[in-house]
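Undergrad: Mind having a look at this structure? Questions to follow.
All of the numbers you see were taken from the coordinates with simple rules; none came from a lab. These numbers were taken from a predicted model, which means no experiment stands behind them. Cβ sites come from the backbone with ideal geometry, for glycine too, and all protein chains shown count toward neighbours.
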Amino acid sequence: MGRARGATLSFYIALACLLLMVPILIVCVLAFSGEGYLRFPPSSFSFRWFAAFFGDTRWRQSLSSSLIIALIACVISTVLGFFAAYAFVRGDFRAKKIVLSVLLIPIIVPHVITAIAMYFVTAKFGLIGNVVWIGFCHAVVTLPIVVLILLSSLQGVDINLERAGLSLGGSRVYVFRRVVIPLAFPGIMSSALFAFLASFDELIISLFLAGVRAQTLPVRIWNSLHLELEPVIAAVSAFLIAVTGVVLLFDMLLRSLRDAKATGKDGST
Amino acid sequence: MTQRAHRAFDPSLLLLPAFALLILLFVIPLVWFFVGVLAEEGSVGAVVERFVDVLTAPGIVNALVTTNWISALVTVLTLVIGYPIAYYLANSTGWRFALVLFCIIVPYFTSVIVRTYSWMVLLGRNGAINQTLLSLGIIDAPLQLLYNKMGVLIGMTYVLMPYMVLTLYATMRSIDTNLVRAAYGLGASPLYTFRKVYFPLSLHGVISGALIVFILAIGFFITPALMGGPSDVMIAMLIERAVEITLDWTSAAIMSMALLAMTLVLYVIYYRVTDVRRMMGA
Amino acid sequence: MPPLRRATDGLGAISLETVTKRYGEEAVVDGISLDIKSGEFFSLLGPSGSGKTTTLMMIAGFANVDGGRILVDGEDITMKSPQARGFGMVFQNYAIFPHLNVFENVAFPLRARGAAEADVKRRVGDALALVRLDRFADRFSRQLSGGQQQRVAIARAIVFEPRVVLMDEPLGALDKNLRYDMQVEIKEIQRQLGMTVVYVTHDQEEAMNMSDRIGVMNRGRIEQIAAPGDMYERPVNTFIGRFLGEANLVEGNLQQAAQAGSTLRIGDNVLLKAPAASPDLAGKTVHLFIRPERVAISTPGPGDAVAEANSVAGQVRRRSFLGNINRYVVAVASAEITVDVQNVGGPRFEIGDAVVLTWAVTDSLVLGS
């Protein structure tokens with residue numbers, strides 16, 4: 001009976017995993033379709049939709065907008081998030097939990113509201129379509145992600161290591177550079193990756209702030225979806241999925257690096 | 001010199017840059033938006049009047065009801081479907097664990113627009129599901145799976161599932177399996193053990209997961225906008241329309257404030273029942 | 001032979017003047033004052049929560065001082081940053097940088113001071129030789145045993161020739177045998193290099209074995225400062241007596257307190273001779289302090305009353321065998337007296353045996369409650 005229950009659960013899990021992955025896999029398959037319209041399964045395969053994607057200056061424009069915005073958001077939120085997370089782990093101030101929960105509010109507040117408020121201000125300043133500005137706005141919503149990742153990462157850095165560094169004559173900056181940052185490095189990289197990804201995939205804020213000049217990939221997908229489900233969107237989607245895949249892969253590598261560091265197995269014999 | 005430097009350095013000060021960003025690009029825009037738009041009404045009385053008007057308008061009341069109803073359904077669906085997945089994750093190791101986690105994580109980090117698009121491809125009139133069913137002769141005419149409540153529920157449940165599973169998993173991982181063994185050893189049946197031991201121990205995760213999913217669901221925009229029908233208008237969509245189409249900034253501000261208030265109340269509850277550091281399954 | 005320069009400059013004397021640390025309302029270190037001499041091995045000993053680690057953290061500069069001052073060689077360092085103090089420090093969990101190998105760990109304080117590469121090589125080599133880790137320079141901390149990590153921490157703390165080395169329970173994580181070896185080794189290095197060591201521990205044996213002087217802390221205050229032998233023989237109060245080694249503290253009423261000697265009554269009719277005690281303790285309840293190993297146990301026989309000794313009858317209530325000693329707990333009137341007998345083949349006693357306990361009056365002390 002226990003075995004039957006176990007088998008039922010396994011079957012259920014297999015089905016659930018299939019349902020979770022199928023939509024993503026289908027998009028990837030369709031991206032290689034050789035046909036002129038969406039049909040599953042495609043009767044032939046080709047790279048024509050990727051060619052259409054990368055061959056179209058407007059899509060290329062979107063790609064570069066997405067990249068620039070994501071890079072700016074990633075750098076700002078990683079730097080600020082690192083400092084903030086460090087303050088939470090090492091600082092001594094009242095109501096830490098409340099302060100942290102305030103810092104995390106941007107991921108809780110519906111993006112529509114945030115986006116419209118930003119749009120309201122952005123329009124007043126005439127900054128619609130300014131990629132640098134959009135990058136800063138994205139940093140607001142990627143910052144909490146960085147803080148959450150780096151909190152756990154910095155909590156793993158023994159305070160005595162910092163004290164040792166200071167007592168051995170290192171200045172605050174020296175200890176930051178030689179002890180804290182190297183030890184938190186996998187966490188910093190991984191938070192930067194996820195901040196990049198979150199910005200790269202963000203739609204709603206971009207939708208309001210992009211104007212016609214700075215349409216990101218998600219914005220252009222959104223605009224196209226209102227017209228027709230053309231296969232080139234499958235290619236763009238597959239590209240975004242691939243970016244996610246690369247980020248997850250890097251994160252996995254960073255984790256194994258961190259584990260290796262924890263066991264001191266790196267670089268030595 | 002050094003003395004003052006030592007005394008003056010307080011790690012808490014490193015919070016300031018992050019808060020500066022938050023205040024400049026989040027708090028000020030929100031306040032400016034609300035105050036600026038409502039100030040145009042002239043008097044406080046006029047603002048109150050607009051509030052009453054907007055929040056009692058049938059279209060908006062409908063949207064609020066729909067929003068809460070869909071969000072509640074999605075919360076229940078993610079919980080019922082996700083609970084066994086989280087249980088499996090918490091009680092397996094090796095490649096099985098890695099595979100299931102992979103199937104949760106990949107959609108989790110894939111763009112919402114991509115995930116929504118993929119379901120549109122699957123559920124569309126000429127989508128993969130209809131084509132498969134037609135070619136197998138199970139149905140004669142394509143089913144209407146998209147642009148109705150069914151579509152919204154499927155899409156949102158799919159998009160929010162990882163939040164539920166990862167939150168549940170975080171709680172379940174810390175449940176001591178010996179407690180379940182002890183219950184079996186004391187003669188309890190599996191069902192009784194689940195009801196009296198495992199489920200109560202996982203309840204914290206259930207509440208946290210339900211809250212986070214519900215909070216995210218009531219502010220949802222992309223998926224219902226693309227997959228819903230005319231009767232499945234959620235409040236976030238009305239806000240977007242007010243700004244983009246009808247240019248009715250006042251309504252947009254009032255609806256935003258209502259939605260923001262709901263969100264923050266739920267967030268306060270979430271804050272009380274759970275550890276915010278674990279948010280998003282971090 | 002000493003690879004590192006011996007500190008012969010007579011520097012490294014530390015003074016604490018009514019140093020206080022508060023957490024909220026509570027004073028975790030409550031106005032303590034002490035003077036540590038240059039080149040002295042000084043231990044702060046106390047139970048957990050006694051404030052000894054907080055005191056060390058204030059000396060190191062990691063905890064702010066809320067009252068009083070700390071001086072090194074007469075200079076007020078209370079407000080100085082940890083890195084400006086230039087003390088070597090060894091942490092409880094070693095705090096070996098996991099991302100640096102042994103060589104780079106030991107080189108850290110030299111590089112932080114911008115030392116030349118050749119100088120770094122030579123001095124790290126010397127320090128590693130001193131702790132016998134020359135062959136482990138390329139290893140990382142996780143590839144080292146607990147004792148080896150401990151040695152890295154020591155080498156790192158002494159390589160820049162600090163006047164003062166602070167150690168926070170450095171042997172706490174090691175097993176018992178290794179602990180003893182490391183005690184000997186640390187003491188030897190300190191003797192060779194002549195630096196001042198402030199050593200925090202909760203292990204009284206460790207403190208007694210290594211220290212020139214011990215300061216026992218309890219509830220944020222210093223109870224007594226003395227050399228290990230003096231403190232063991234002459235505790236100033238019952239806390240010290242109980243904390244340092246095994247002790248009998250027999251509760252009784254002080255009948256009379258005179259210069260020549262005093263008399264203590266336990267139970268209804270047992271009178272004990274005790275050494276001189278302060279007159280204002282007369283008539284009060286006090287404790288007679290006597291170490292278990294100073295009490296002799298024998299079978300009752302005639303004529304064993306000696307003028308300068310106590311001799312009381314009792315009955316064996318418990319007996320435990322601890323290897324090198326036999327420990328008897330003997331009921332005497334309302335009290336119980338513990339007796340340790342070296343396991344050198346003398347007579348053994350069984351539970352219920354009537355016995356006589358004898359000890360020299362000068363081996364005992366009267367301690368107020």
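Undergrad: To the nearest 20 debye, what charge dipole does segment C:1-138 have about its Cα centre, counting +1 at the Cβ of each Lys and Arg and -1 at the Cβ of each Asp and Glu?
TA: In total the dipole reaches around 460 debye.
Undergrad: Which shape class applies to segment B:66-281: rounded if a/c is under 1.5, otherwise prolate when a/b exceeds b/c and oblate if not, where a ≥ b ≥ c are the square roots of the Cα gyration tensor eigenvalues?
TA: On the way: a/c = 2.42, a/b = 1.36, b/c = 1.78.
Cα axes put segment B:66-281 in the oblate bin.
Undergrad: Explain nothing, just compute: Karplus ³J(HN,Hα) = 6.51 cos²θ - 1.76 cosθ + 1.60, θ = phi - 60°, for every residue of segment A:149-161 in order, whole Hz, x for Gly and Pro.
TA: Once θ is set to phi - 60°, the couplings for segment A:149-161 become 5, 6, 4, 5, 5, 6, 5, x, 8, 4, 4, 5, 5 Hz.
Undergrad: Quick one: net charge of C:Ala107's neighbours, Cβ under 13 Å, K/R +1, D/E -1? If you can, show how the numbers build up before the last one.
TA: Working: positive: A:Arg178, C:Arg111, C:Arg113, C:Lys121, C:Arg122, C:Arg123, C:Arg156; negative: C:Glu104, C:Glu117, C:Asp119, C:Asp126, C:Asp138.
With Lys, Arg at +1 and Asp, Glu at -1, the neighbours total +2.
Undergrad: With charges only on Cβ, +1 for K and R and -1 for D and E, what is the dipole size of chain B about its Cα centre, in debye, rounded to 20?
TA: 1220 debye
Undergrad: Each residue of segment C:21-34 in turn: what ³J(HN,Hα) in whole Hz from Karplus with 6.51, -1.76, 1.60 and θ = phi - 60°, glycine and Pro shown as x?
TA: For segment C:21-34, the Karplus-derived couplings read 9, 10, 10, x, 7, 8, 8, 7, 10, 10, x, 8, 10, 7 Hz, x marking Gly and Pro.
Undergrad: Starting from the amide H of A:Gly211, placed 1.01 Å from N in the peptide plane, find each other amide H under 5 Å away whose residue is 5 or more places distant or on another chain.
TA: A:Gly129
Undergrad: Next question, about the same structure. Sort by residue number and report every cysteine in the protein assembly as shown with no other cysteine beta carbon within a distance under 4.7 Å.
TA: Taking the Cβ cut-off of 4.7 Å, the unpaired cysteines of the protein assembly as shown are A:Cys28, A:Cys74, A:Cys137.
Undergrad: May I ask which residue of C:Gly12, A:Ala123, C:Ala137 lies farthest towards the positive end of the charge dipole of the protein assembly as shown, with charges of +1 (Lys, Arg) and -1 (Asp, Glu) on Cβ and the Cα centre as origin?
TA: C:Ala137
Undergrad: Shape call for chain A from the C-alpha gyration tensor, a ≥ b ≥ c root eigenvalues: rounded (a/c under 1.5), prolate (a/b greater than b/c) or oblate? Don't jump to the answer; show the numbers that get you there.
TA: On the way: a/c = 2.00, a/b = 1.35, b/c = 1.48.
Since a/c reaches 1.5 but b/c is at least a/b, the shape of chain A is classed as oblate.
Undergrad: Once you compute Rg and the Kirkwood Rh from C-alpha atoms, what is the Rg to Rh ratio for the protein assembly as shown?
TA: Numbers: Rg = 37.0 Å, Rh = 33.5 Å.
That ratio is 1.10, to two decimals.
Undergrad: When chain B is modelled as a GNM with alpha-carbon springs shorter than 10 Å, which of B:Pro224, B:Pro107, B:Pro58 fluctuates the most?
TA: B:Pro58
Undergrad: Further, regarding this structure: Along the positive direction of the dipole of chain B (beta-carbon charges: Lys, Arg +1; Asp, Glu -1; about the Cα centre), which of B:Pro84, B:Val35, B:Thr250 reaches farthest?
TA: Sorting the options by dipole projection puts first B:Pro84.
Undergrad: Which far-off residues, 5 or more places away or on another chain, put their amide H under 5 Å from the one on C:Tyr199, with H placed in the peptide plane?
TA: Correct list: C:Phe42, C:Ser43, C:Leu44, C:Met167.
Undergrad: Give me the percent relative contact order of segment C:1-122, please, defined on Cα pairs under 8 angstrom at least 6 residues apart.
TA: Once normalised by length, the contact order is 22 percent.
Undergrad: Between C:Lys37 and C:Arg318, what's the calculated FRET efficiency when r is the beta-carbon distance and R0 is 51 Å? Round to 0.05.
TA: Numbers: r = 44 Å, r/R0 = 0.87.
The value I calculate is 0.70.
Undergrad: Next question. Can you tell me how segment A:1-114 classifies by the Cα gyration tensor, rounded, prolate or oblate, using a/c under 1.5 as the rounded cut?
TA: Numbers: a/c = 3.44, a/b = 1.28, b/c = 2.69.
Cα axes put segment A:1-114 in the oblate bin.
Undergrad: Longest segment of chain B with no trypsin sites (Lys or Arg not before Pro) in a DSSP loop having at most 15 other Cβ atoms within 10 Å? Working shown, then result.
TA: On the way: sites that count: B:Arg125, B:Arg173.
Longest gap between qualifying sites, sites excluded: B:1-124.
Undergrad: Place a +1 charge on the Cβ of each Lys and Arg in segment B:15-158 and a -1 charge on the Cβ of each Asp and Glu, then give the dipole magnitude about the Cα centre in debye, rounded to the nearest 20.
TA: Values: 5 positive and 5 negative charges, 121 e Å.
Using only the charged Cβ atoms, the result is roughly 580 debye.
Undergrad: Mind checking which lysines have their Cα closer than 18 Å to the Cα of C:Lys176? Skip sequence neighbours fewer than 8 apart in that chain.
TA: Leaving aside lysines fewer than 8 places away in the same chain, those within reach of C:Lys176 are C:Lys187.
Undergrad: Could you work out the relative contact order of chain A? I mean the mean sequence separation of Cα pairs under 8 Å and 6+ apart, divided by the number of residues, in percent. Show your work: numbers first, answer last.
TA: Numbers: 297 pairs, mean separation 80.1, N = 269.
Relative contact order for chain A comes out at 30 percent.
Undergrad: On to the next question. Starting from the amide H of C:Asn343, placed 1.01 Å from N in the peptide plane, find each other amide H under 5 Å away whose residue is 5 or more places distant or on another chain.
TA: Residues meeting the amide H criterion: C:Ile325, C:Asn326.
Undergrad: Another question, if that's okay. Report the net charge of residues surrounding C:Lys176, where surrounding means a beta-carbon distance below 13 angstrom and charges are Lys +1, Arg +1, Asp -1, Glu -1.
TA: Values: positive: C:Arg179; negative: C:Asp175, C:Asp181, C:Asp203, C:Glu205, C:Glu206.
Computed value for this residue: -4.
Undergrad: Near C:Lys273, which lysines are there with a Cα under 19 Å away, not counting those fewer than 8 places off in the same chain?
TA: Of all the lysines, those that pass the test against C:Lys273 - Cα under 19 Å, at least 8 places apart if same chain - are C:Lys284.
Undergrad: Compute the longest continuous run of chain C that contains no exposed GluC sites (Glu not before Pro); treat a site as exposed when its DSSP state is not H, G, I, E or B and it has at most 13 other Cβ atoms within 10 Å. Present the calculation step by step, with values, prior to reporting the outcome.
TA: Values: sites that count: C:Glu25, C:Glu246, C:Glu308, C:Glu350.
Answer - C:26-245.
Undergrad: Highest GNM mean-square fluctuation, chain B, Cα pairs closer than 10 Å: which of B:Leu216, B:Leu186, B:Leu266?
TA: B:Leu186
Undergrad: For segment C:169-182, just list the computed ³J(HN,Hα) in residue order, Karplus coefficients 6.51, -1.76 and 1.60, θ = phi - 60°, integers in Hz, with x standing in for Gly and Pro.
TA: Those phi angles translate into 6, x, 9, x, 8, 8, 7, 4, 5, 4, 4, 5, 4, 5 Hz.
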